[in-house]
Structure formats: C-alpha cells, structure tokens
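Engineer: Okay, here's the structure, questions in a sec.
The values are calculated or read from the model by the stated rules, or taken from the named source; none is laboratory data. Computed from a prediction, not measured in an experiment: that's the story for all the values here. Cβ atoms come from the backbone with ideal geometry, glycine included; neighbour counts cover every protein chain shown.
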Amino acid sequence: MFFGKKKLKEEPLGYWEEKSYMQIIPRDYTQDFISGIFDRVSMMEDIEVLEKKSITENNPGSIKVKYEGEEYEIGFYPNDFSVPEFYLNNPAVFSEVEKQSILSSKRALTTFMDFHKDVKKSYHLQLKLMVAMVPDYIGIMDESAEKMLPFNWVNMTVKSKIEPSSKDLYTIQVVSDGKGEVWLHTHGLCRCGITELEILQSDQENYNNHYNLINTYGMYLIDKKEEFDPRNNGAYIGVLVNNQPVVVTCRSWTEAIYEFKNLKIGNLDDRKNGHNAKTSVIFIYKSEEDQNKGILSKVSIYDKLWGDNPIFFISNEETARMKALAMERFGYVEKYFKDKDNHIIIKIGLPVDDKNNFEHIWFELLEFNGDKFKAKLTQEPYNVNNIHKDDEAWFTVENVTDWIIYTPKYAINPSNVYLLEEK
C-alpha cells in the first residue's frame, strides 16, 4: 500500500491543536468579568499562584500555578463569542432556554494551555481554573474539541476529585454525504500530543461500530502510559463475535487517502481548509503475520463480522476511574431508588476463584438497609461458582463498579448524571 502516488504534506498544526483552547461564557457580559481573576484563582484550594501577568493591549494575560507538584501556565483574554448552533442541538443536554441564552451571548473569556503528559489532569485543571476565573457562567465551549460543554456537567466535574474520562477530551464527528457514505473523524487529540483519527468510507449500516472502534482507539492512545507511535505499531483493542482479535493501526492521511477510490467525503477537496495537519486514517491488521509484514486492511473488512455485541476493551486506569466515579456519585442511586417509576441496575465486582481478579456483572437493585443494599444477579457468571442468576446478596458501595438508573425519560449513569440536575 501507499506506493507510486503523488506525495502530500501534512500542514502545520492550528493554534487550537497545539494548545487546549476553551471559552467560558459569563452570565452577564455587560459587567467587567475580567476584574478579580487573579484574586479568585489565588483563593482556589490545592493551587499555588506562582506568577501573574495582566492583559495588555498587545498580549493576553497569564497565570502560572503549581498544582499537585507540577507547574502549569494558563493564558486568557476576552473576545467576541459565537457558537455553531449544531453544538447545542441535543435537547436532553441543552434546554431551549439554555440554548438561546448561549446563542445570544456576545462575549467570552478565552483560555489556552499546554497539556502536560497527564492530559486528563491538565484538562481537569483548565476547567477548574476557568470556573474560578468566571464563577458566574452559563457554559464552556471547548474549541479544540469543537463541542459545547453544558453547565451542569462542568459544575459537577470541577467539584469532583476524579478526573474526566479520556473520551471527554475529544469528539468524534460523523459526517454523511447524504447518499450513504460516512466520514468519522476526531477533534481534540492533537492537543494531547496524539494524532487525530479518522475512518474513511464508512456507511449508514456500520458507522455505529466504527464509532465505537475509533472511540476505543482514542481512549487507548490517551491512556497508554509508555511511549507509543500508533503509525508504526498495532493496538489490540477488541474482539469480534467469532473471537477474531481487533488490532488497529493508522497512517497519515497524506498516504492513506490514495487507498480509497471514489472518495466522496474526506477527500482532497475537504482538506483544503482543515483536516490536513496531524490526522491519521485507521487500518486493521488481520493477523500477526500481516502485522509482521506491514500488510494493512481497511476497517470495512469486518463489516459483516461485528454482530450484535463486539467487545471493545478499556484500560485498567479507566476501569478504576469509572469505579471511583460510581462510588462518588452513588448518592443519586439512593435518592432515585425512592421513585418506583425508576429501575436501577448496579454492576458489582465479584472475586473469581483465584481471588486476584474480578468479574464485573450486573445486579438489579432491590432494597436499602442503612449503608448496605440488596441486589439480584441478572445473568449467570462466567468464572464465579458460588453465585448464580437470580440469586440475591447484600453489598456496600465499596463493591460497586458502575450503575444505571432507568428513569421514564433517561438512562442515567455516573457520567451523565448531570442530566438529573435542575437547569
């Protein structure tokens, strides 16, 4: 692959790709929302302000801080604000009142930061600093990831001791040509020091599985602790229904684009003003032999093999983060269990026979008694012999690894529980 074609060149990164750019929207932009920024940041817990620079006519302001043993610098300046309306078109996330309030906003405070190696910590810190700078806000636009962050999500995230998920640091946009061809691509990974990712020539039937693949790969690259070049290495990220391993790699769009004939979207015309810097198309290694020989296959080779439930892996770090978040927000389970219109299931980590590993499996919540709860197993375990489907047992919050509250309107989990908060 990739031989005998005109050589293209990746363009330099845009400013929003080199650094993390976000805008926070003040509730009342007629007021001077710049004054007092330094004092408010200085009052933050766990933050030591090391250096302050005020905004001048030619330069933005900046604050250097020490946070959890590392030094960070955030720049800021006020600017005119507008947001694409499609960022706000999810009525479950943005009420009509909230949407109109954001669309009518004219001013915002832009902030920008270099992410450190722990990009999730950097992202969490940037959100915390922004809310300290402008505490009376209505929302944050993540320019680098091309998405709007709702107020309640931000509010809960900055108050939490638990860092956001790696998938919160980027978005996956799904673009259709209106005739069946679909192009999936990310925004936000470059600021993490990672290539953006793409899947070309997807289609209406398979793009959901392709979305899950690109999302899993993005999380894998963020959570990978050791040095890893995705363009020269394979990543084992899942298993198909026939036990076929899903091993992915990627190549720069400048090489990969020539492997797709009659490309309707994501083609050279679509890259004249963007999607032309550090972005890579995902490919598959069908076998270890293919990987050793560098033989690449398009993602579409698995389109008849996804089945109803392909398995995509998550890192141990993400599993631990999800458990911590489920425990931190378990109060919502207790509160909403009182409404009998809701149905709640809880994922419990059951020790397998060797006691060193756990099988995470779903139970139906039945009742509370003090700090304990009773739940009924909803399926037969694979590797646990002392409990079976429909058995009931008592647990505490320490056993919880995840939960879902099925309300008449939403399916609520620890990550989207902000939807239950009043807007």
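Engineer: Only one of (1) out of contact with any Asp or Glu (no Cβ under 6 Å at 6 or more places or on another chain); (2) farther than 24 Å from residue 253 by Cα is not met by residue 152, so which one is it?
Structural biologist: That leaves (1) as the condition not met.
Engineer: Would you pick out the residues in segment 377-386 that are modelled with pLDDT under 90 and among the hydrophobic types (A, V, I, L, M, F, W, C)? Let's see the steps before the verdict.
Structural biologist: Taking segment 377-386 as the starting set, the residues that turn out to be modelled with pLDDT under 90 are 379-386.
Hit for segment 377-386 is 384, nothing else.
Engineer: If I filter segment 278-333 down to residues being in a loop (DSSP other than H, G, I, E, B), within 25 Å of the chain's Cα centre (by Cα) and of a type in the set (D, E, K, R), which single residue comes out as surrounded by the most Cβ atoms within 10 Å (Cβ to Cβ)?
Structural biologist: Filtering first and then ranking leaves 329.
Engineer: Okay, moving on. Among the candidates 266, 193, which residue alone is touching a His at 6+ places or on another chain (Cβ under 8 Å) and small (Gly, Ala, Ser)?
Structural biologist: Result: 266 is the single residue among 266, 193 that is touching a His at 6+ places or on another chain (Cβ under 8 Å) and small (Gly, Ala, Ser).
Engineer: Does residue 94 satisfy the criteria of being modelled with pLDDT of 95 or more, of a type in the set (A, V, I, L, M, F, W, C) and either surrounded by 11 or more Cβ atoms within 10 Å (Cβ to Cβ) or in a strand (DSSP E or B) (or both)? Even if it seems obvious, please write down each step before you answer.
Structural biologist: On the way: modelled with pLDDT of 95 or more: no; of a type in the set (A, V, I, L, M, F, W, C): yes; either surrounded by 11 or more Cβ atoms within 10 Å (Cβ to Cβ) or in a strand (DSSP E or B) (or both): yes.
The answer is no for residue 94.
So that you can scan it fast, the table gives a plain yes or no per residue for (1) closer than 28 Å to residue 202 by Cβ; (2) out of contact with any Pro (no Cβ under 8 Å at 6 or more places or on another chain); (3) not aromatic (Phe, Trp, Tyr):
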{"residue": "291", "(1), (2), (3)": "yes, yes, yes"}
{"residue": "297", "(1), (2), (3)": "yes, yes, yes"}
{"residue": "301", "(1), (2), (3)": "yes, yes, yes"}
{"residue": "306", "(1), (2), (3)": "yes, yes, no"}
{"residue": "309", "(1), (2), (3)": "yes, yes, yes"}
{"residue": "313", "(1), (2), (3)": "yes, yes, no"}
{"residue": "317", "(1), (2), (3)": "no, yes, yes"}
{"residue": "320", "(1), (2), (3)": "no, yes, yes"}
{"residue": "331", "(1), (2), (3)": "no, yes, yes"}
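Engineer: What residue, among those in segment 158-182 that are within 15 Å of the chain's Cα centre (by Cα) and in contact (Cβ under 8 Å) with a residue 60 or more places away in the chain, is surrounded by the fewest Cβ atoms within 10 Å (Cβ to Cβ)?
Structural biologist: The selected residue is 165.
Engineer: Out of 220, 236, 211, report the one residue that is surrounded by fewer than 14 Cβ atoms within 10 Å (Cβ to Cβ) and within 26 Å of residue 163 (Cβ to Cβ).
Structural biologist: Just one listed residue meets the conditions, 236.
Engineer: Looking only at segment 192-208, which residues are of a type outside the set (A, V, I, L, M, F, W, C) and touching a Leu at 6+ places or on another chain (Cβ under 8 Å)?
Structural biologist: Step one: of segment 192-208, the residues of a type outside the set (A, V, I, L, M, F, W, C) are 193, 195-196, 198, 201-208.
Scanning segment 192-208 gives 195, 196, 198, 201, 202, 207.
Engineer: Could you look through segment 100-157, keep only residues that are acidic (Asp, Glu) and either in contact (Cβ under 8 Å) with a residue 12 or more places away in the chain or assigned to a helix (DSSP H, G or I) (or both), and pick out the one that is nearest to residue 173 (Cα to Cα)?
Structural biologist: Result: 146.
Engineer: Tell me the strands (runs of 3 or more DSSP E) entirely within segment 355-412 that contain at least 3 residues that are crowded, with 16+ Cβ neighbours inside 10 Å. Explain how you work it out, then say what you get.
Structural biologist: Numbers: elements: 358-369, 372-377, 392-395, 400-406.
Strands (runs of 3 or more DSSP E) meeting the threshold: 358-369, 372-377, 400-406.
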